[in-house]
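> Quick one: this structure, given as structure tokens, is what I'll be asking you about.
The values are calculated or read from the model by the stated rules, or taken from the named source; none is laboratory data. Remember, predicted model here, so these are calculated numbers, not experimental data. With ideal geometry, Cβ positions are generated from the backbone for all residues, glycine too; neighbour counts draw on all protein chains shown. The area values use the complete protein model at the heavy-atom level, side chains included, leaving out ligands, DNA and RNA. Shrake-Rupley method; radii C 1.70, N 1.55, O 1.52, S 1.80 Å.
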Amino acid sequence: MSLEKISFFATCPRGLEKFLFEEIRELDGEKIKVHDGGVSFTGDQMTMYAFNLSSRIATRLLKRIAYGQFKSENDLYQSALKVKWPDLFAVEKSIKVSTTSIKTNLKSIDFVTLRIKDAICDVFKQKFNKRPNVDVRDPNVKIHLFLEKNNFILYMDSSGKPLYQRGYREKTIEAPLKENLAAGIVSLSGWQPEQPLLDPMCGSGTLIIEAALKALNIYPGINRDFGFQHWHDFQSDLLAELKIKFKHKRVEHPLQIYGSDIDRKAFNAASTNIDQLGLKDYIRLNTKRFEVSMSPHDHGVIVCNPPYGVRLNEESNMMEQYQAWGAILKKEFSGWKAYFISNDMSFPKGLRLAASKKTPIYNGALDCRLFEFVMVSGSNRKAKPAT
Ligand SMILES: C[S@@+](CC[C@H](N)C(=O)[O-])C[C@H]1O[C@@H](n2cnc3c(N)ncnc32)[C@H](O)[C@@H]1O
């Protein structure tokens, strides 16, 4: 096994960097540094495999191949020409290059991306008189160019498909949460496996499933493949060994996890996903309107991703809904803490509750908050009414 130190950059939804930092620390990553939307660190090949198998928060793990400074598109082409690509993967592998650029003076990102692809193909052609094919949909090898001002970094994507694709979501509904964002929301809520957990608008069940996986220490990447499996240095025995080791880390806990949704289709989707993971004994599902639900315990944690009323003509309806949700929280859920992710900054006002915390978090490109409401026990007025 190669013990050579590798520089990595793990990406994640903005707002979750501190949890990603913790995951990397637990894997003994070194030189860990938090950035906006990701964390850089160093480690070896084993760290790379273990991270891909275990991270609940990351979107992808990038391995640094080359870096430096540039002034023009041609400088980038020349730098990519210097990389020994045929030592990294076979000419038969399909490739895709993508670029992220921050504060550069380049005229066209597409053109730069094309030049990097040309450089890779030119290196292969020179050696084998053959070049790899481009596949923009489902490439074997993903190369990522990161540009910031005059600095560039070339990465290979060790994850391949994004890590939130755990391979368990057979059925989905409109607007599901990404699995890594859902795992991050559960972490932000501070929920502990001994506590009851409820998602009253659970959709396909992403939040409650991620909570159960975490509580039972089921590794999220155990049932999927990774980009690094297409690289020359792939060690299948090392990956197989780690998978077995991680499977044995599963723990048993009785869990009090509840999900409900108004929509039968959502119930069916959540139910299929839960069955597929063998989590039926840990999660109870229901079809119900949140407005008429009853609290299953006198304390617990609610995590919820309600529908966003983004269209203007839906706004007044949403306000009525919000008010009804606020009323049921006050009536039924004293002693609970509730966490709602929304891009609507007037959400607490709509509920007529004051949020005790508002954590900035991104759902894709949507600037959201995770609103915390502490429903004080012993009064049905609960959390302070919003001013
Ligand atoms: C944004 S989706 C939740 C997606 C979910 N987090 C997932 O990952 O699949 C919102 C869900 O709220 C449900 N819903 C809307 N109004 C509701 C209500 N009043 N009571 C219960 N569920 C409701 C919808 O049926 C939908 O499944």
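Residue-by-condition table, conditions (1) touching a Phe, Trp or Tyr at 6+ places or on another chain (Cβ under 9 Å); (2) in the same structural domain as Y322 (by TED's automatic domain parsing); (3) of a type in the set (A, V, I, L, M, F, W, C); (4) modelled with pLDDT of 95 or more:
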site	(1), (2), (3), (4)
P196	yes, yes, no, yes
I208	yes, yes, yes, yes
L238	yes, no, yes, yes
K247	yes, yes, no, yes
H253	yes, yes, no, no
K265	no, yes, no, yes
A270	no, yes, yes, yes
R289	no, yes, no, yes
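> Looking at the structure I just gave you, is K280 away from the ligand (no atom under 14 Å from the Cβ) and open to solvent by 40 Å² or more (accessible area, probe 1.4 Å)? Before the answer, list the steps.
Values: away from the ligand (no atom under 14 Å from the Cβ): yes; open to solvent by 40 Å² or more (accessible area, probe 1.4 Å): yes.
The answer is yes for K280.
> Within the range 188-201, work out how many residues are closer than 15 Å to F340 by Cα, open to solvent by 10 Å² or more (accessible area, probe 1.4 Å) and assigned to a loop (DSSP other than H, G, I, E, B).
3
> Answer with yes or no whether F19 is touching a residue at least 12 places away in the same chain (Cβ under 8 Å) and open to solvent by less than 20 Å² (accessible area, probe 1.4 Å).
Working: touching a residue at least 12 places away in the same chain (Cβ under 8 Å): yes; open to solvent by less than 20 Å² (accessible area, probe 1.4 Å): no.
No: the conditions fail for F19.
> How many of the residues making up the range 247-282 are of a type in the set (D, E), part of a loop (DSSP other than H, G, I, E, B) and touching a residue at least 24 places away in the same chain (Cβ under 8 Å)?
First, pick out the residues of the range 247-282 that are of a type in the set (D, E): 252, 261, 263, 275, 281.
Filter once more, so that each one left must be part of a loop (DSSP other than H, G, I, E, B): 252, 263, 281.
Going one step further and asking which of them are touching a residue at least 24 places away in the same chain (Cβ under 8 Å), we end up with 252, 263.
Of the residues in that region, 2 qualify.
> Collect the residues in the range 311-325 that are within 11 Å of the ligand (Cβ to nearest atom) and either more than 18 Å from D261 (Cβ to Cβ) or modelled with pLDDT under 90 (or both), keeping them in residue-number order. Give the steps one after another, and end with the answer.
If we filter the range 311-325 for residues that are within 11 Å of the ligand (Cβ to nearest atom), which is where we start, we get 317-318, 320-322, 324-325.
Listed by number, the residues that qualify are N317, M318, E320.
> Output the qualifying pairs, or none if there are none: Cβ atoms under 6 angstrom, residues six or more apart or on different chains, first residue in the range 343-362 and not assigned by TED's automatic domain parsing to the domain that holds D36, second residue open to solvent by less than 70 Å² (accessible area, probe 1.4 Å) and of a type in the set (S, T, Y).
What qualifies is N343/Y308; G350/Y322; L351/Y322.
> Among the residues of the range 218-266, count how many are open to solvent by 40 Å² or more (accessible area, probe 1.4 Å) and touching a strand residue (DSSP E or B) at 6+ places or on another chain (Cβ under 9 Å).
Step one: of the range 218-266, the residues open to solvent by 40 Å² or more (accessible area, probe 1.4 Å) are 223, 225, 229-230, 232-237, 240-241, 243-245, 247-254, 256, 262-265.
The next check asks that each one be touching a strand residue (DSSP E or B) at 6+ places or on another chain (Cβ under 9 Å); those that pass are 230, 256, 262-264.
The total comes to 5.
> Mind telling me which of the residues I222, I209, I244 ends up being assigned to a helix (DSSP H, G or I) and either in contact with a Gly (Cβ under 9 Å, 6 or more places away or on another chain) or within 16 Å of the ligand (Cβ to nearest atom) (or both)?
Values: I222 fails: assigned to a helix (DSSP H, G or I); I244 fails: either in contact with a Gly (Cβ under 9 Å, 6 or more places away or on another chain) or within 16 Å of the ligand (Cβ to nearest atom) (or both).
I209 is the lone residue from the list that is assigned to a helix (DSSP H, G or I) and either in contact with a Gly (Cβ under 9 Å, 6 or more places away or on another chain) or within 16 Å of the ligand (Cβ to nearest atom) (or both).
> Going by the structure shown, is E174 outside any helix (DSSP H, G or I) and within 9 Å of the ligand (Cβ to nearest atom)? Quick ask: steps written out before the conclusion?
On the way: outside any helix (DSSP H, G or I): yes; within 9 Å of the ligand (Cβ to nearest atom): yes.
Against the criterion (outside any helix (DSSP H, G or I) and within 9 Å of the ligand (Cβ to nearest atom)), E174 qualifies.
> A further question follows. Which residues, counting only those in the range 141-187, are surrounded by fewer than 17 Cβ atoms within 10 Å (Cβ to Cβ) and on the phi > 0 side of the Ramachandran plot?
Within the range 141-187, K149, G167, A175 qualify.
> Let me ask something else. Out of the residues in the range 283-304 that are part of a loop (DSSP other than H, G, I, E, B) and within 17 Å of G326 (Cβ to Cβ), state the one that is nearest to the ligand (Cβ to nearest atom). Before the answer, list the steps.
Initial filter on the range 283-304 (part of a loop (DSSP other than H, G, I, E, B)): 288-289, 293-299.
If we keep only those that are within 17 Å of G326 (Cβ to Cβ) too, we end up with 289, 293-295.
Details: R289: 4, S293: 8, M294: 13, S295: 15 Å.
For the range 283-304, the residue satisfying everything is R289.
> Pull up the range 91-140, narrow it to residues that are in a loop (DSSP other than H, G, I, E, B) and of a type in the set (G, A, S), then point me to the one that is least open to solvent (accessible area, probe 1.4 Å). Please lay out each step first, then the result.
Step one: filter the range 91-140 for residues in a loop (DSSP other than H, G, I, E, B), giving 91-94, 103-108, 129-133, 135-140.
Adding the requirement that they be of a type in the set (G, A, S) leaves 94, 108.
Working: S94: 17, S108: 43 Å².
So, considering only residues that are in a loop (DSSP other than H, G, I, E, B) and of a type in the set (G, A, S), the one least open to solvent (accessible area, probe 1.4 Å) is S94.
> I'm told R25 meets every condition in (1) part of a helix (DSSP H, G or I); (2) open to solvent by less than 30 Å² (accessible area, probe 1.4 Å) except one. Can you identify the failing condition by its number?
Looking at each condition in turn, R25 falls short on (2).
> Which members of the range 39-77 meet the condition of being β-branched (V, I, T) and out of contact with any strand residue (DSSP E or B) (no Cβ under 7 Å at 6 or more places or on another chain)? Let's see the steps before the verdict.
Quick first cut of the range 39-77, residues β-branched (V, I, T) only: 39, 42, 47, 57, 59, 65.
Scanning the range 39-77 gives T47, I57.
> Within the range 62-77, identify whether any single residue is touching a residue at least 60 places away in the same chain (Cβ under 8 Å), β-branched (V, I, T) and either in contact with a Lys or Arg (Cβ under 7 Å, 6 or more places away or on another chain) or open to solvent by less than 60 Å² (accessible area, probe 1.4 Å) (or both), and answer yes or no.
Scanning the range 62-77 turns up at least one residue that is touching a residue at least 60 places away in the same chain (Cβ under 8 Å), β-branched (V, I, T) and either in contact with a Lys or Arg (Cβ under 7 Å, 6 or more places away or on another chain) or open to solvent by less than 60 Å² (accessible area, probe 1.4 Å) (or both).
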